[in-house]
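Structure first, commentary second.
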Amino acid sequence: MLAFLIRRISQSVVVLLVMSVLVFGGVFCIGNPVDILIAPDATPAERDRAIKELGLDKPLPEQYMRFLKDAVQGDLGNSFVYNEPALKLIMQRMPATMELAVTAMLMAVFFGIPLGMVAGIKSDTLLGRSIMRFSILGFSLPTFWVGLMFIIIFSVYLGWLPSGGRGETVEILGVPVSFLSWDGIRHLILPAMNLALFKTSLAIRLSRAGVQENLQMDYVKFARAKGLTNTRIIGLHVMKNIMIPVVTVLGMEFGGLIAFAVVTETIFSWPGMGKLVIDSIGVLDRPVIVAYLLITVTMFIIINLIVDIIYSILDPRVRLGDQN
Amino acid sequence: MRQKLLIVLAIMACFTLGATMAHAEKLTLGLKGEPTSLDPHFHNVSANNMQSLYVFDKLVRQDNRQKLQPGLATSWKPVSDNVWEFKLREGVKFHDGSPFTAEDVKFTIERIPNVPNSPSSFTGFVSNIQKIDIVDPLTIRFTTEAPAPLLPRQMAAFPIISKKNAEGASTEDFNSGKACIGTGPYALVKWERGDKIIYKRNDNYWGEKMPWEEIIVRPITNDGTRVAALKSGDVDMINFVPPADVDGLAENKKLTLSESPSTRLIYLHLDTDRDDSPTVSGNNGEKIKNPLKDFRVRKAISKAINRRAIAGRIMDGLAVPASQMVPDGYEGTSKRLKAEEYDPKGAKVLLADAGYPEGFKLVIHGPNDRYVNDADIAQAIAQMLTKIGIKTEVNTMPKSVYFGRASKLEFSFMLVGWATDTGEQSNCIGALLHTYDKEKGFGSSNRGRYSNPDLDATLEKALVTVDPAKHNELIIKATEMGIGDLGIIPIHYQVNVWGSKKGLEYNGRTDGYTLPRDIKVTK
């Protein structure tokens, strides 16, 4: 296990380094932030001063080396437009995104897996087929369209839920969360549903396939022959076996949820980091874009690691340590 | 079990009631942009400048047509050619109760050039002030290097902060609220980045009393979401209603719309400088001498553009055909300049006169995420030019790519916008039409490199003429030269629309700001 961890971490460092070069170079290629940041009627002297203060007068390799030097010390640079550390800005926004992503994930698990199991067991009934049709919709409708529909139906016509924003937050250990106040929950429901839709469909499909596959297996027949109740067979034995692929896939997808909640955050003006990065791309706020992408990569690496570990717990046949 | 359920229901009921009953005097605004900072001297962009007016005041105020009015200064006059004297308002207090004096003004002006890492600073507004003299706590004199007719205008460009609270304060201290203490109508309570800014009323405000005890400003950048937030009643008012939604909202009986022309001019900039211009070519793609240098060709292009059609069809009526750089009725605008009439036949004659009876090839470049319907306008213009024989291709791109390339002079013909926040013409003449001159700081956005020594001289003379009538006369003369020459081709001024729930009305502003003092309660 230890050898596995060390190898994974050293690989991750290389990935991060390569990523940082790609991202830094890529962002550099898009355009020059000074043309957007500086007021168009600024005098050339004023422009030069700003360019110098932002460190944009230096050649790319020099800017990159300086960035790398600071990054090793945990400083990912100051945002051009906010004049605050990029890392701090992202961290400030992270709780909102995490809350949204976790809620969406829980929704996907709590609705998706049972629905998928029902669809698997009763695949020929109307109920089973309806569930599958729903999952096709969930897969194929674009997120932004569904988000707008949610707003039009639930906020504008029915007036049940707010159309956007985060609502009232309560602080736990200094982290503001919205799921502890009714107002906060009301604000959370629509964006979380919007974000959960795709993942719910995914969970439905995975668990349906799993159930159908497992029901054919010998151990199920054996259990039936032994006289176990259907509830126990499905609820315990089958459930345990379908969880392996479900956990793996959903775990990977969780990273995607956090990193790409951008669309949902923009539509529901949810103050998460996805919205921050979109705004930053708009004004070419390089430090924030770079920091965001690097944090995202780190997050994917960590999530994959956790998935591997959970996987090994669920299925002891997988031995992480002795892959070589 | 039943009891538990009842308790849960009761708790939920409390939350819901609590949420709806509290704050009867609350105003929630859904605005398109979010400030990047609450430090009023950090970043000179309109979202920041607007938001700083909730908390701070300026020496000189601009009304909703950008005319100057007394603010923290009650009057001002030139004492000699190089000295202006400002009389300050008596009895004004900052939110913390400390009195406002000339010391605060001096402190503010001295701070402006020293805000670290400012991406776009306010230094230009104070750089000509050589000396600041405090005559008494309520009288202050500014000595300038050269006569400065625009000094009162400059004083209307930045807010006054409190020396006591902001001495040594960083931009972060303003963002956290620690140093964000002004004399304005509202005091900052809290900024939850990306979600909302909460203000409470300053009950000791010297100016007009506001009816709302609390104002919540929510940044909602997505157009569709902002409109939905208004329709669902989540917010009381929104700005920048997208043109496509105007008709739908106007039919809604629960809402009111108000509009105002803006100072945002959409114009065409053309390369009038180089013989070999990058995106112009002959009909077979061969290199030709840049035809845009010929006045007749420029005139033909201007005549070929149907401004009324663009305003009516592409902008859904939310544009006013433009004749010069700022809308009619502003100080220093020419009454002789009129928006060019659509005249394709005349355009063809001019093209033939200039030696291009068969036209030539041209690419129009423009942004696609900067101005209202920018890419569509570029398309329409390309079609109109193709009709008179100039075969025009369209190339639009995100603003983050576009402006950098445009400033590097990679384009021959481009669609750009300009907003005159200061409410007078000299800054846009200086930036767009004056000969590019890095040393003197002119022509910074003159991407066509138009150059006219007469215009340069007239503008420079105006900038040191203190007498307002003479100053305006020179500015008008310079405008007529530049626009008459078609150094730029004006297309239209954007019209801004605000939407609010019934019972509120907005007295629209040409600068596009949404300020509490311009909101009227009608019932």
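The values are calculated or read from the model by the stated rules, or taken from the named source; none is laboratory data. Please read these numbers as outputs of a predicted model, since none were measured by experiment. A quick note on method: Cβ atoms are made from the backbone with ideal geometry, for glycine too, and the neighbour counts reach across all protein chains shown. The area values use the complete protein model at the heavy-atom level, side chains included, leaving out ligands, DNA and RNA. Shrake-Rupley method; radii C 1.70, N 1.55, O 1.52, S 1.80 Å.
Descriptive notes on the structure:
- Over 23 Å between alpha carbons, listed pairs B:LYS163/B:LYS438; B:LYS289/B:LYS399; B:LYS303/B:LYS361: B:LYS163/B:LYS438; B:LYS289/B:LYS399
- Peptide B:206-212 has a mean of 0 when you count, residue by residue, the C-beta atoms of other protein chains within 10 Å of its C-beta.
- Of the chymotrypsin sites (Phe, Trp or Tyr not before Pro) found in segment A:141-178, the ones in coil according to DSSP and having at most 15 other Cβ atoms within 10 Å of their Cβ are A:TRP160.
- Taking 0.36 nm per residue of sequence separation and removing the Cα-Cα distance, the A:TYR157/A:GLU62 pair yields an extension gain of 28.6 nm.
- Projecting label points 7 angstrom from Cα along Cα→Cβ for B:ILE198 and B:LYS501 puts them 1.9 nm apart.
- Chain A, accessible area per residue, ligands and nucleic acids excluded (1.4 Å, Å²): 48 Å²
- Put simply, the Cα atoms of segment B:127-259 extend 57, 34, 28 Å along their principal axes, the longest span coming first.
- For the protein assembly as shown, size of Cβ-based charge dipole, Lys and Arg +1, Asp and Glu -1, in debye: 2500 debye
- Charge-dipole axis of chain A as Lys and Arg at +1 and Asp and Glu at -1 on Cβ define it, positive-most pick from A:ILE278, A:ILE310, A:THR103: A:ILE310
- Peptides B:204-212, A:167-175 ranked from most to least packed by the mean count of surrounding Cβ atoms within 10 Å: B:204-212, A:167-175.
- Within-10-Å neighbourhood charge of B:LEU409 [Cβ basis; K, R +1; D, E -1]: +2
- Rounded tilt (10° steps) of A:44-53 against the dominant C-alpha axis of chain A: 50 degrees
- Extension gain, B:ASP454 back to B:SER98 (0.36 nm per residue minus Cα-Cα distance, nm): 123.0 nm
- Toward the positive end of the charge dipole of segment A:85-170, with +1 on the Cβ of Lys and Arg and -1 on the Cβ of Asp and Glu, the farthest Cα among A:GLN92, A:SER155, A:GLY165 is that of A:GLN92.
- Helix A:239-259 and the longest principal axis of the C-alpha atoms of chain A enclose an angle of approximately 20°.
- Centre-to-centre separation between the Cα atoms of segment B:24-99 and those of segment B:343-412: 40 Å.
- Residues along segment B:411-455 losing 50 Å² or more of accessible surface when the other protein chains are present rather than the chain by itself (probe 1.4 Å): B:LYS438, B:SER444
- Cα gyration tensor shape for segment B:53-176, rounded if a/c is under 1.5, else prolate or oblate: rounded
- Rounded accessible area of B:ASP454 (nearest 10 Å², 1.4 Å probe): 100 Å²
- Here chain A is treated with +1 on each Lys and Arg Cβ and -1 on each Asp and Glu Cβ, and its dipole about the Cα centre works out to around 1520 debye.
- Qualifying lysines (Cα of each under 25 Å from Cα of B:LYS164; at least 8 residues distant if same chain): B:LYS58, B:LYS87, B:LYS93, B:LYS106, B:LYS131, B:LYS178, B:LYS190, B:LYS200
- Placing unit charges on the Cβ atoms only, positive for Lys and Arg and negative for Asp and Glu, gives segment B:150-277 a dipole magnitude near 700 debye about its Cα centre.
- Shielding by partners, peptide A:76-84 (average Cβ within 10 angstrom, other chains): 6
- Mean Cβ neighbour count within 10 Å, used as a protection proxy, ranking A:260-269, B:295-304 highest first: A:260-269, B:295-304
- Normalised by the number of residues in chain B, the average gap of Cα pairs under 8 Å and 6 or more apart makes the relative contact order 18 percent.
- Between A:CYS29 and A:MET252, the C-beta separation translates, for a Förster distance of 25 Å, into a calculated FRET efficiency of about 0.25.
- Accessible surface ranking that places the most exposed of B:GLU358, B:GLU214, B:GLU85, B:GLU110 first, with a 1.4 angstrom probe: B:GLU358, B:GLU110, B:GLU214, B:GLU85
- Accessible area that becomes buried as B packs against A, both chains, 1.4 Å probe, Å², nearest 100: 4000 Å²
- Amide H within-cut-off set for B:LEU29, under 5 Å, with H built and near neighbours excluded: B:ILE216, B:VAL217, B:ARG218, B:ASP236
- Stretching the chain fully between B:VAL349 and B:ARG141 yields a gain of 69.1 nm (0.36 nm per residue, less the alpha carbon separation).
- Percentage relative contact order, chain A, counting C-alpha pairs under 8 Å, at least six apart: 26 percent
- Chain A: angle of helix A:2-30 to the longest principal axis, Cα-based, in degrees nearest 10: 50 degrees
- Residue-by-residue Karplus 3J(HN,Hα) for segment B:80-87, coefficients 6.51, -1.76, 1.60, Hz, glycine and proline x: 8, 4, 10, 10, 10, 10, 10, 9
- Theoretical ellipticity at 222 nm over chain A - DSSP helices of four or more residues, -39500 (n - 2.57) apiece, nearest 500: -22500 deg cm²/dmol
- With every protein chain in place, chain B: carbon and sulfur % of accessible area (1.4 Å): 52 percent
- Förster radius 30 Å - calculated FRET efficiency between A:VAL175 and A:THR231, Cβ distance, rounded to 0.05: 0.15
- Between the C-alpha center of segment A:44-60 and that of segment A:219-294 there is a gap of 43 Å.
- Karplus-derived 3J(HN,Hα) values for segment B:456-470, using 6.51 cos²θ - 1.76 cosθ + 1.60 with θ = phi - 60°, are 4, 5, 4, 5, 4, 5, 4, 5, 10, 9, 6, 4, x, 5, 5 Hz; glycine and proline are entered as x.
- Rounded to the nearest Hz, the phi-derived 3J(HN,Hα) couplings of segment B:356-368 under the Karplus curve 6.51 cos²θ - 1.76 cosθ + 1.60 (θ = phi - 60°) are 10, x, 9, x, 7, 9, 8, 10, 9, 9, x, x, 10, where x marks glycine and proline.
- Computed from the C-beta positions of B:LYS287 and A:LEU22 and an R0 of 51 Å, the FRET efficiency is 0.85 to the nearest 0.05.
- Approximate spin-label separation B:ASP247-A:PHE139, in nm, with each point projected 7 Å along Cα-to-Cβ: 3.9 nm
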